[in-house]
Amino acid sequence: MKEIFAFILKEFRHIFRDRRTTLIVLVMPVVQIVLFGFAISTEVHNAVIDVVGDMSDPEVRKIVERIDNNEYLETGEFLHSMSDVETRLRKGKAKAAVCFENNFEDRLHADGRGVVSIISDGADPNTAQIVTNYVKGVIQSEQTEINSSMTAATGSVSMRPNVQLMYNPAMNSSYNFVPGVMGLVLMLICTMMTSVSIVKEKELGTMELVLVSPVKPFWIILSKLIPYLVLSIVNFVSVLLLAVYVMGVPINGSIALLSLVSVVFVGSSLGLGLLVSVISSTQQTAMLLCGMGLTMPTMMLSGIIFPCESMPVALQIFSDIIPAKWFIIMVKKIMIQGAGFQAIIKEFCVLSGMMVLLLWVSIRKFKTRL
């Protein structure tokens, strides 16, 4: 028994000797439970709803006030035409728009029916359905209150809204998940494969041969990146072909712009994986960092499954440092909405900055001595 306990004690010492692995195994699960406990929510909070209609109409004002008082909604801008609605939805400034006909209150009491239209962004069908139901509930509450104050002689009114889902009228769920899966697949390939590239040479003892060569650290890192960059581009093409011809997801925007965005995302993911490789001492540590520290947060906090708007403010800020979030936003805008470069310039600049920063830090952290 003493020999067994001695081996057990030796194994514990071996585990705790590597501080990075210990930190990952003991602290990371606690961090993930806290993060995902707040992040996993199908509710949509503070969804911006634009209004098209005459604000001097008393009934329109009542419904707008109800939208403002709803805990899940907030009023956006008051627009004048349908073209303004499409522009706002494409830029991501609003989740939906409520459109009232002219002389809404007069027609409502004269004909017993008021025409209301709800126009929602169907690029994310789950969020669109939730927001549409919220707005329907507001309109239904107003209709119930009006009918409760009316008598049998005066009749009742109806404000059943017409719902229009832009970009995805058939509510095809693949329109939402395919861009997310594209980001997740490219992230996995780039980070995990790149993260073990330098660590593997350290463990095999071949890093000494690399360091004594006349090649500078920049070119060593570049030589590590190029093969995985080529493989990632091949993966991107295959995933894109499957998305279009198997899943039926359209490419309404520019393929060249989509390719440029993907290359920038691949570059940022390669830089992230390379940074993990530089700071890790073993392949096990690198794989744990990529698996638990990158993959799970990417799935939960980048908007693939749960909307970022429903998360607490602290988690929304944390999600901003995940490259996949900005890539998924741009892919949806290009593929589903057919947006151009002007609509994604903010996301493109953020992702490009991440790529440059990650590659620069990786080069600076690369040690020329073991």
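The values are calculated or read from the model by the stated rules, or taken from the named source; none is laboratory data. This one's a predicted model, so the numbers in the text were calculated from it and none came from an experiment. Cβ coordinates were reconstructed from backbone atoms using ideal geometry, including for glycine residues, and neighbour counts include every protein chain displayed. In case anyone asks, the SASA skips ligands and DNA or RNA and just uses the protein heavy atoms, side chains included. Shrake-Rupley method; radii C 1.70, N 1.55, O 1.52, S 1.80 Å.
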Please go through the range 279-298 and pick out each residue that is within 22 Å of GLY353 (Cα to Cα), surrounded by fewer than 21 Cβ atoms within 10 Å (Cβ to Cβ) and of a type in the set (A, V, I, L, M, F, W, C). ILE279
With the checklist (1) modelled with pLDDT of 85 or more; (2) touching an Asp or Glu at 6+ places or on another chain (Cβ under 9 Å) in hand, flag the one item LEU108 doesn't pass. (1)
Out of all the residues in the range 109-126, is one or more more than 21 Å from ASN172 (Cβ to Cβ), open to solvent by 50 Å² or more (accessible area, probe 1.4 Å) and basic (Lys, Arg)? yes
Residue list for the range 299-325, filter: outside any helix (DSSP H, G or I), farther than 17 Å from ASN176 by Cβ and open to solvent by 40 Å² or more (accessible area, probe 1.4 Å): PRO312, ASP320, ILE321
Of all residues in the range 229-250, count the ones that are open to solvent by 50 Å² or more (accessible area, probe 1.4 Å), in contact (Cβ under 8 Å) with a residue 40 or more places away in the chain and either of a type in the set (Phe, Trp, Tyr) or not in a helix (DSSP H, G or I) (or both). 1
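Given the structure, is ALA339 hydrophobic (A, V, I, L, M, F, W, C), more than 21 Å from ILE189 (Cα to Cα) and crowded, with 19+ Cβ neighbours inside 10 Å? Please lay out each step first, then the result.
Details: hydrophobic (A, V, I, L, M, F, W, C): yes; more than 21 Å from ILE189 (Cα to Cα): yes; crowded, with 19+ Cβ neighbours inside 10 Å: yes.
For ALA339, the condition - hydrophobic (A, V, I, L, M, F, W, C), more than 21 Å from ILE189 (Cα to Cα) and crowded, with 19+ Cβ neighbours inside 10 Å - is met.
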